[in-house]
Each structure stands twice: as C-alpha cells, then as structure tokens.
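Colleague: My structure is below; once you've seen it, I'll send some questions.
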C-alpha cells in the first residue's frame with residue numbers, strides 16, 4: 001500500500017522563465033530558493049512556510065500551463081494591499097475578489113494562464 005507522509009511541493013509549468021520570474025518574484029515578491037538550469041530551461045523553487053512552489057519549463061512539450069488545472073492558494077497578510085498590487089501590475093483576475101464569510105479570496109492568472117488563488121483567512125471569533 002502507498003503511504004503518503006507529507007505534501008512535498010506544488011509545481012506549475014511555464015513557457016518563459018524570464019517572464020515567469022518577473023511575475024513570481026517581481027509582482028508576488030517570492031524569493032527563489034533552489035534553482036536548476038538557466039533562463040532558457042530551468043526549475044525554480046520558492047519556499048513558502050512548510051511548502052514549496054516550483055515553476056519550470058523542463059518538460060514543455062508534455063507539461064503545459066492551464067487555467068483549468070489545480071490552483072495553489074497563497075495566504076496573504078493584507079488582502080486589500082495584495083489586490084491593489086496585483087491590479088497595479090495589470091494581473092488579470094479570473095474570479096474577482098470576494099468575501100466568503102470565513103475568508104477573502106480572488107483568483108488571478110499568471111503570465112502563462114495558470115490560476116493562483118489570493119487568500120486571506122479571517123480571524124476566528
């Protein structure tokens with residue numbers, strides 16, 4: 001029997017690493033950790049709390065970006081500021097920011113069309 005013990009990482013396929021780095025590092029402010037390859041073909045990891053987000057174009061012929069695939073939810077400290085930053089950078093919202101009652105969230109698109117959820121959990125009373 002397979003026994004999964006932890007969540008290792010989430011990875012998104014990208015087509016242009018330079019453009020993707022401008023978004024993930026420049027707009028989202030993520031700091032790169034482990035990096036393999038170069039701007040032409042590579043794998044970049046961003047450590048976020050207990051998890052890791054990776055972007056890569058290593059298998060571009062078989063692993064393609066998609067807005068209809070799974071989405072990673074990025075927990076932000078200030079939801080309104082995050083929305084303002086994303087809008088200021090011209091990042092498209094696939095789902096407009098909303099209040100669900102327990103959180104604030106919106107879904108944006110990276111430059112390759114992958115979906116990312118911007119999320120802020122409300123304090124529990």
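Nothing in this text is a laboratory measurement; each read-out follows from the coordinates by a stated rule. For clarity, every value in this text was computed on a predicted model and none was experimentally measured. We place every Cβ from the backbone using ideal geometry, glycine too, and count neighbours over all the protein chains shown.
Colleague: With axes computed from alpha carbons, what is the tilt in degrees of helix 79-88 against the longest principal axis of the chain, rounded to the nearest 10 within 0 to 90?
Modeller: 60
Colleague: Let me ask something else. Given the -39500 (n - 2.57) contribution per DSSP H run of 4+ residues, what per-residue ellipticity at 222 nm results for the chain, rounded to the nearest 500 deg cm²/dmol?
Modeller: -3000 deg cm²/dmol
Colleague: If contacts are Cα pairs under 8 angstrom and at least 6 residues apart, what is the relative contact order of the chain in percent?
Modeller: Computed over the chain, the figure is 24 percent.
Colleague: Can you say what percent of the DSSP beta bridges in the range 10-121, counting only those with both residues inside, are antiparallel? Round to 5. Don't jump to the answer; show the numbers that get you there.
Modeller: Values: 20 of 28 bridges.
The antiparallel proportion sits near 70 percent.
Colleague: Further question: Return the distance in nm (one decimal) between the two label points of a simple spin-label model at residue 52 and residue 34, each offset 7 Å from Cα along Cα→Cβ.
Modeller: Here the modelled spin labels are 0.3 nm apart.
Colleague: Say each of residue 122 and residue 84 gets a label point 7 Å from the Cα, pointing the same way as Cα to Cβ; how far apart are those two points in nm?
Modeller: 2.2
Colleague: Grab the Cα-Cα distance for residue 103 and residue 61, subtract it from 0.36 nm times how many residues apart they are, and report the gain in nm with one decimal.
Modeller: Result: 11.4 nm gained on full extension.
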